[in-house]
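The values are calculated or read from the model by the stated rules, or taken from the named source; none is laboratory data. None of these values were measured; they are calculated from a predicted model. Neighbour counts run over all protein chains shown; Cβ positions are idealised from the backbone, glycine included.
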Amino acid sequence: MTLAARILVARAQAANRRAARKRRAELVRELAGYAAGDRRDLEAALDRYPPAVTRELRSILARQYMAAEESRFPAIGRG
């Protein structure tokens, strides 16, 4: 592969990574706005699909849940 081709591939990969980060950040913001009832409805809907399909959404929801729980009990090992 020529140097020009390698540079082209590297730039395309970098653009794909930036787009994926932007998409995920938008998804995180959108899910953060869900009320508790809406989250439960979403989780029930996700249960109907295979884990491989819902992995990213479940990961975001779990992180947000853990962050909310940590802020509820600040005296437990956090300073």
Residue, modelled with the highest pLDDT, within the range 56-79, restricted to residues that are among the charged types (D, E, K, R) and surrounded by fewer than 11 Cβ atoms within 10 Å (Cβ to Cβ): E69
Matching residues, the range 17-47, being part of a loop (DSSP other than H, G, I, E, B) and not hydroxyl-bearing (S, T, Y): G33, A35, D47
